[in-house]
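Only the coordinates and a few stated rules stand behind these numbers; no lab work does. Not measured: the values here are computed from a predicted model. So basically every Cβ, Gly included, is an ideal-geometry build from the backbone, and we count neighbours across all protein chains shown.
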Amino acid sequence: MRRDQLKRLKQLETENQRLRRAVSDLTLDKMVLAEAARGNF
């Protein structure tokens with residue numbers, strides 16, 4: 001693999017981690033709000 005390809009791969013991996021964290025946070029927020037809406041708080 002060329003150096004520029006390795007650099008791009010690392011960038012994509014970093015972005016993927018960031019997006020996965022964002023999705024996890026939003027999913028957790030949604031679950032908390034759903035519980036609160038049902039009155040289970």
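Worth a mention:
- Between 0 and 90 degrees, the angle of helix 3-38 with respect to the longest Cα principal axis of the chain falls at about 0 degrees.
- Dipole in debye (nearest 20) - the chain, about Cα centre, beta carbon charges: Lys, Arg +1; Asp, Glu -1: 360 debye
- Looking at the chain, the trypsin sites (Lys or Arg not before Pro) that sit in a DSSP loop and have at most 10 other Cβ atoms within 10 Å of their own Cβ are ARG2.
- Inter-probe distance in nm under a simple model that places probes 7 Å from Cα toward Cβ, at ARG38 and LYS7: 5.0 nm
- Label point distance in nm, LYS30-ARG18, each placed 7 Å from Cα along Cα→Cβ: 2.2 nm
- Ranked MET31, MET1, criterion: other C-beta atoms within 10 Å, fewest first: MET1, MET31
- Dipole orientation for the chain: of the candidates MET31, LEU6, GLN17, LEU6 has the Cα lying most toward the positive pole (charges on Cβ; Lys, Arg +1; Asp, Glu -1).
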